[in-house]
Amino acid sequence: MSRDAEEFDADAGGWTGQGRVRARETSRGLLLTCDGLTTQAKYYKPLFYEFFRKEWRGARPSWGDYAVEIAMDHVGEPPVLDLDNLAKALLDSIKGYAFHDDSQVARLLVERREGPRERVTIRVTPHKAEPR
């Protein structure tokens with residue numbers, strides 16, 4: 001299993017959270033997963049809020065630029081959900097916990113892919129600008 005695969009392995013140890021939302025800090029940044037999918041993007045904000053309020057005791061937000069990768073894994077036919085709406089809802093959900101404001105997101109990658117289970121995965125890492 002590659003380092004990235006290990007980092008994303010939600011069944012491995014080191015996770016905080018017992019419910020649908022879990023998180024862990026890695027050497028690269030913050031990794032969050034939310035089991036299940038819904039076409040109602042507004043559903044995610046209270047779910048993540050409760051997780052961060054009740055369970056998260058990890059790093060607090062800091063200033064600087066961040067790169068955010070969001071992956072929506074689905075089983076079978078993909079749900080009818082615009083990825084831009086999902087991204088906005090998720091960025092709003094983790095704002096104040098992973099970073100102070102979503103204006104700090106300098107790079108955003110959002111993808112829909114077939115996976116072994118329905119899940120949303122978010123990776124937040126410090127963004128290092130590439131030389132031109």
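Could you calculate the contour length gain from residue 107 to residue 55, that is, 0.36 nm times the residue separation minus the distance between their Cα atoms, to one decimal place in nm?
Details: separation 52, 0.36 × 52 = 18.72 nm, distance 2.75 nm.
Between residue 107 and residue 55, full extension yields an extra 16.0 nm.
How would you classify the chain from its alpha-carbon gyration tensor, with a ≥ b ≥ c the square roots of the eigenvalues: rounded for a/c under 1.5, else prolate if a/b is greater than b/c, otherwise oblate? Rounded.
Among DSSP beta bridges whose residues both lie in the range 65-125, state the antiparallel percentage, nearest 5.
Numbers: 7 of 17 bridges.
In the range 65-125, DSSP labels about 40 percent of beta bridges as antiparallel.
Expressed to the nearest 5 percent, the antiparallel share of DSSP beta bridges inside the range 3-126 is 65 percent.
Each label was represented as a point 7 Å from its Cα along the Cα-to-Cβ direction; for residue 127 and residue 82 these points are 2.2 nm apart. Across the range 64-74, computed HN-Hα scalar couplings (Karplus, 6.51 cos²θ - 1.76 cosθ + 1.60, θ = phi - 60°) run x, 8, 10, 10, 10, 10, 10, 10, 9, 8, 10 Hz from first to last residue, x flagging Gly and Pro.
Read-outs: derived from the displayed coordinates by stated rules, not from any lab. Every value quoted in this text rests on a predicted model; they were computed, and no experiment measured them. Methodologically, a virtual Cβ is constructed for each residue, glycine included, from the backbone with ideal geometry; neighbour enumeration extends over all protein chains shown.
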